[in-house]
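What follows is a set of notes on a single structure, which appears directly below.
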Amino acid sequence: MTPQPSLGLRARLLSAFALLCVVTAAAVAGGIYVQARSAILQRTQDAAVKATTSRLQALYPLRSATPGPEELGGIAAAAAAADQGMLAVAVYRGTHSPFPPSPPPPPRRGDPGLNTAVLNLEVIPGQLRRVVAGGDTAWQRVVWQDTPFLLIGMPLLITERGRTTRMSGIEVYVARNLLPEQQSIDELAIRAWLIGGAALAFAVILASLAARGVLRPVRELGRAARLLGEGELRARVAVRGSDELAEVARTFNDTAAELERHVRQLREMEAEARRFVADVSHELRTPLAALTAVADVLDEEAARLPEPAGRAARLVSQETLNLTVLVNDLIEISRFDSGVAALALNEVDVAELVRATLRVRGWSQQVSADLPVAVTARLDPRRVDVVLANLVGNALRHGEPPVSIRLRADPHRIFLEVRDHGPGLDEAVLPHVFDRFYKASAARARSEGSGLGLAIARENARLHRGDLTVANAPDGGAVFTLHLPRRAHEPDGGSE
């Protein structure tokens, strides 16, 4: 299942800062807005109730205990007190102060109120009227003609010295225009949004700076780790400060230094081992030459010796030959390891080179060859001969007939395939075929060969800037393919 792409660290930091700012700004601005709105409305409400109460108290004594429309109109006018922000209506047992001949026009933004001193009873909620009729003062905010109003209803009480306060039966309702307060609240909300937007922009700037400060050492760590993975063991990270990232940088530097030390030790040990093998191989050549001469004599005399001695002579001759092959292979592989192996390039006919390899070793009748004519390349014929001899020899010894060689070419490369028709190689063996001293079968641990042949063959191919690969054919058998450029260039290095 393909992993879903995730946001980068910079995007996550910016998102986190922005989200935190939005939530904080919304919480703070929302809280301030609610508190300011409640305070503004509460102050307006208290002032309106107090002013209305004071105005109504100035009406006593009433001229009539049973006022008519005209007197109720006077009471409403007194309750409004010519305040353009207030409307009023007085009610007494179904009679109310006169209404205007037509509904008043709606206020415009910025107008303090309506130029009228009457209030239509239809605006007053029934619940408010019931509370006032019961003798209590009440208020409620409503929207009338798209304008917010504070409705205040109170009964007109009669209070006389030495007597119990009683209800006069007159109800007065005052509407206080809340448009100025609503405008103040709207302006407060706009300021809150502006402040929130400014805080968000500031938070994004801070997040960018913080992300830059965090990501710079992270990028440096990534770059150094990449260089370390590519083999640049001197890669280090600059340590700044004493925070957690600085501690990570110090840990990385310590780890890289320790890794560099271990790799240097391993390389020194490997170089010493290669020098040891090369030195031993060269030192063995002289006594081995003497042994070979003695072994040749014993091999010639083996037929005339008694059977136990003859077998021993033949065994000594064969093991001397195997030791000679091993020493020569060790010397050859040490040349590759030390970088002194070189090419002696010549323009050769590849098909003729293959035929010569088969002819010299007596394999012409055992191996079928598909060799197009006129395929030339600039190669080192000796090294190509070593590769082909190793591949064909292995196919004849460990595979099954028929063994074949096939030559293919394009304008830039040539391909030589060596194939047998045996059981092929086990899948677990394929990755290790070119390893040094690797043998696929434990039963062949003492078989002929040094275990270096395929490793040397591949080194020769790579010396040409080519390669040697192996695979199992679909219908059975192993297929080794030698890839070589048609115009090889001699690599840097010493001479043999």
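Bear in mind these aren't lab numbers, they're just calculated from the coordinates by the rules spelled out. What you see is a predicted model, and the numbers here were worked out from it, not measured in a lab. Virtual Cβ from ideal backbone geometry, glycine too; neighbours counted across all protein chains shown.
Of note:
- Overall Cα dimensions of segment 345-436 - principal axes, largest extent first, Å: 38, 29, 22
- Taking F480, F336 and counting other C-beta atoms within 10 Å, the order from fewest to most: F336, F480
- Amide H within-cut-off set for G477, under 5 Å, with H built and near neighbours excluded: G422, G424
- Taking 0.36 nm per residue of separation and subtracting the current Cα-Cα distance, fully stretching the chain between T286 and S364 would add 24.6 nm.
- Shown in residue order for segment 317-326 are the 3J(HN,Hα) couplings computed by the Karplus curve 6.51 cos²θ - 1.76 cosθ + 1.60 at θ = phi - 60°: 5, 5, 5, 5, 4, 4, 5, 4, 4, 4 Hz (x for Gly and Pro).
- Segment 184-209 residues near the modelled D243 label - backbone nitrogen below 17 Å, point 7 Å along Cα→Cβ: 203-209
- Using a Förster distance of 22 Å, the FRET efficiency for A36-R12 (Cβ separation, nearest 0.05): 0.05
- With both labels modelled 7 Å from their Cα along Cα-to-Cβ, the R219 to R311 distance reads 7.8 nm.
- Per-residue HN-Hα couplings for segment 39-52 [Karplus 6.51, -1.76, 1.60; θ = phi - 60°; Hz; x = Gly/Pro]: 5, 5, 5, 5, 5, 5, 5, 5, 5, 5, 5, 5, 5, 5
- In order through segment 371-384: 3J(HN,Hα) via Karplus (6.51 cos²θ - 1.76 cosθ + 1.60), integer Hz, x for Gly, Pro: 10, x, 7, 6, 9, 10, 7, 8, 9, 9, x, 4, 6, 5
- Ellipsoid fit via the Cα gyration tensor, the chain: semi-axes of 115, 26, 20 Å, each the root of five times an eigenvalue, largest first.
- Nearest-20 debye value, the chain charge dipole, Cβ charges on Lys, Arg, Asp, Glu: 2500 debye
- In this calculation the C-beta distance from L227 to R267 is compared with R0 = 22 Å, giving a FRET efficiency of 0.75.
- A Förster radius of 30 Å, combined with the Cβ-Cβ distance separating R191 from R141, puts the computed FRET efficiency at roughly 0.85.
- Whole-Å distance, taken between Cα centres, linking segment 271-347 and segment 349-398: 24 Å
- Relative contact order [Cα under 8 Å, 6+ residues apart], segment 244-338, whole percent: 34 percent
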